[in-house]
Amino acid sequence: MSHKRCNGDVVEEGTAERGPRALRAEGALKAIAAAPGPEERLRGILEQTLVFAGASLAALYTPGDDRDLLCLVASAGVPRTLYGVRDSYPAEGGSPVADAHRAGGAVWIGPEEFAGSAESRHVPSSGFSLAVLPVRGDGGGCLLVLTERPGGFDADDRECLGLIAEAVTCPAPAEAVGTPESGALQPDAFTLAMDTGRAEVGDGILRLFGLAPGEFDGKVETLLGLTVPEDLPSLMSVTESDHMTIGERELEFRVLQPTGPPKWLRLSGRLLPGGDGRPARLVGTVADASTLRPDVTDVARVQRLAAALATAGTVRDVSQAVVAALRRPLRADRIALAELENDRLVVTVLDPPDPESWPELWRLEWRTEWPDAPVRAMPTLAAALREGRARI
């Protein structure tokens, strides 16, 4: 039998079989281990703290570039600002994260104990319990978990958190994507100094922007100048440090082409904190969105719809852009766009446009190019318009 001391409590390991909840957590973690990508696996593991341990927030910290900071790399749950959870903690400081990292053992803190600590001054709310558990990985890392339940983390919660911490594997340091400190950049990788705007960009990214390696002057403004103007606000939200917090970011944007329509690219990045004279840096990758998985994100769908609407000049153009952007994501067999005039529904766009594809009532009202039907003949639609919410 082995013993482990955590904040004054002696915990006996291996003395009892796993409880029912821990067994379910163990099964869930095994299923998550089969996820295709490391980011999906890490996110899925962190989310199990919300399911099996009653947590409100889970955050993973690993040593930063200079090893003097423990930096946030991923989180799940409610916004961190509600608990004053920071983007980084000094490795030699007095925070629970630093304590657990140095000691290599779990730290359990209840509401009263936390209220008397120096860290409490950073917290806008109170009445929660905190746990920090070490995780595996090069250089180590820590899993920080919070709960608002009055009893804090009970024995079952702690058992599940132990399993979850064992399942976490810290991601490789950001230099693994190929920053200047670790050698040549990978073709799809970049690093951007947030204070000067100087960028190191892989040859593959330059090709996506239509540039040869010798044509790039190292200024991020050069790349921004090649993007479609309507997409600049969302791209600037990533490349300006005032708009970005520590953590993973992903967005899609378009770059202009010498001939043909603009090309959609997808940026995945992570902001790393500065320190000891080094600026904060954005590191990540850029890829051709057309070669990635077809199921684009909701954000990408909205971006593409906004881009289509930006070029629409008439009501008909707007309607056709909406239908073209939404029909495939919604997996709709047919879409109708219409406006209400008095008590009649005046259709602007039908997709498909063939009369036989639509209800008989509509075909009876097909007096012009498209039907002009009374709303009272469609009670479900009438109720949706009257109540201002969707009906099925």
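The values are calculated or read from the model by the stated rules, or taken from the named source; none is laboratory data. Note that the structure is predicted; figures quoted are calculated from it, not measured. Neighbour counts are summed over all protein chains in view; Cβ atoms, including those assigned to glycine, are modelled from backbone coordinates with ideal geometry. Accessible surface areas use protein heavy atoms only, side chains included; no ligands, DNA or RNA. Shrake-Rupley method; radii C 1.70, N 1.55, O 1.52, S 1.80 Å.
Data for the structure
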| read-out | value |
| --- | --- |
| Residue match in the range 46-58 (condition: surrounded by 12 or more Cβ atoms within 10 Å (Cβ to Cβ), among the aromatic types (Phe, Trp, Tyr), farther than 23 Å from GLU113 by Cβ and at pLDDT 85 or above) | yes |
| Count of the range 215-236 residues which are part of a helix (DSSP H, G or I) and surrounded by fewer than 19 Cβ atoms within 10 Å (Cβ to Cβ) | 10 |
| Residue, most open to solvent (accessible area, probe 1.4 Å), within the range 245-257, restricted to residues that are outside any strand (DSSP E or B) and at pLDDT 85 or above | LEU256 |
| Total residues in the range 261-281, condition open to solvent by less than 60 Å² (accessible area, probe 1.4 Å), modelled with pLDDT under 85 and either assigned to a loop (DSSP other than H, G, I, E, B) or under 22 Å from PRO233 (Cα atoms) (or both) | 10 |
| Failed item, numbered, when LYS30 is tested on (1) more than 22 Å from ALA131 (Cα to Cα); (2) outside any helix (DSSP H, G or I); (3) modelled with pLDDT of 75 or more | (2) |
| Checklist (1) at pLDDT below 90; (2) under 25 Å from PRO279 (Cα atoms); (3) not hydroxyl-bearing (Ser, Thr, Tyr) applied to GLU215, failing item | (2) |
